[in-house]
Amino acid sequence: MISAPIIPTEPFSSMPAQFRRVGEHSEWADANRGGAAIDSFLEGPSFDRAGNLYVVDIPFGRIFRISPVGDWALAAEYCGWPNGLRIASDGRILIADYRLGLMQLDPAKGEVSAVLSHRNTEGFRGLNDLTIASNGDILFTDQGQTGLHDPTGRVYRLRAGGPLELLLSNVPSPNGIVLDAEEKVLFVAATRGNCIWRGPLMPDDTLSKVGNFFQLYGPTGPDGLTMDSAGNLVIAHPGSGSVWLIDPQGEPVARVKGPAGCFITNLAYGYDADGQANDWLYLTESNNGAILRAKMPVRGRTLVSHRQAG
């Protein structure tokens, strides 16, 4: 058991009843939630410059916009399984879609279109999450059904100029992904290995000496990742209903503990009116279709979507 000071959560908002798909069958849930009857499964939190929180509902192909006061609106619905979501510096909403590949949402029109659906005529296994570098490169995980039985999950980088590069091809279920502040180290959540991989980016932009940075425990491994302004790695760990704050040496700093039975899949820091990340951390709690939040000891790292002009 890992020991660290506990930070409590509080409720922020919950999906309204009119949006819950009670009693509807989901092919995604058959494969990924043991066939359970679920009315939603939230993921991919990301804030826009107006203070709205975007989240995805994977099994029913929906993207929601939650206002600063917690009101929900359906931003888009389409025939995919949106998983990760990040907002680019130009305002585009990029989506790692488990079924369709790398997609984008025009928030003004509510239209979803393809960015990249395959590599060399081969479809992806099932995209999970993504992060955006300061130069516009998009790094994303291709998880599918990989795990310790089949450690062939992949991590790609789509250069801002167009070329697609394979960075890793042997990850047991690559999930959350984030770069450090200097963009010289890549962190990847290896969910079925229940650990975080750390990969230094070499001068030629390839990965080398990839290692196990932090080992977790329990029935479900780490999911979404982000960083705070002090260089600490922030890890959503649904199996323990927790978020772990880990310093650059791999030591636990704090643990955010959700209510009993919660399943925290992903996270995002909120923003002040001046466009700087603040110390409120927002969490998708997917078992109950809710958003929790926690007051953290350090501000989050301001993302590309807010650092650069659109």
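What follows is calculated from the coordinates using simple rules that are stated; it is not laboratory data. Note that the structure is a prediction, hence the values are computed from the model and not measured. Here Cβ is always computed from backbone atoms with ideal geometry, including for glycine, and neighbour counts include all displayed protein chains.
Below are the figures for this structure:
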{"item": "Choice from A236, A254, A190 with maximal GNM fluctuation in the chain (Cα, 10 Å cutoff)", "result": "A254"}
{"item": "For segment 54-111, convex hull of alpha carbons as volume per residue, Å³", "result": "77 Å³"}
{"item": "Hydrodynamic radius of segment 30-173 per Kirkwood, over alpha carbon pairs, in Å", "result": "15.6 Å"}
{"item": "Mean separation of Cα contacts under 8 Å (6+ apart) over length of segment 6-307, as relative contact order %", "result": "15 percent"}
{"item": "Segment 32-37 - phi-based ³J(HN,Hα) in whole Hz, Karplus 6.51/-1.76/1.60, Gly and Pro as x", "result": "10, 10, x, x, 5, 7"}
{"item": "Gaussian network model of the chain, springs between alpha carbon atoms under 10 Å - residue of G23, G239, G199 with greatest fluctuation", "result": "G23"}
{"item": "Normalised per residue, the volume of the convex hull around the Cα set of the chain (Å³)", "result": "127 Å³"}
{"item": "Segment 48-87: radius of gyration over Cα atoms, expressed as a fraction of 2.2 N^0.38 Å", "result": "1.13"}
{"item": "Two-decimal Rg/Rh across segment 199-310, once Rg and the Kirkwood Rh are taken from alpha-carbon atoms", "result": "1.00"}
{"item": "Around L201: net Lys/Arg minus Asp/Glu count, Cβ-Cβ under 15 Å", "result": "-2"}
{"item": "Residue among E251, E285, E27 with the largest mean-square fluctuation in a Gaussian network model of the chain, springs linking Cα atoms under 10 Å", "result": "E27"}
{"item": "Per-residue HN-Hα couplings for segment 228-245 [Karplus 6.51, -1.76, 1.60; θ = phi - 60°; Hz; x = Gly/Pro]", "result": "9, 6, 9, x, 7, 8, 10, 10, 7, 10, x, x, 10, x, 9, 10, 9, 9"}
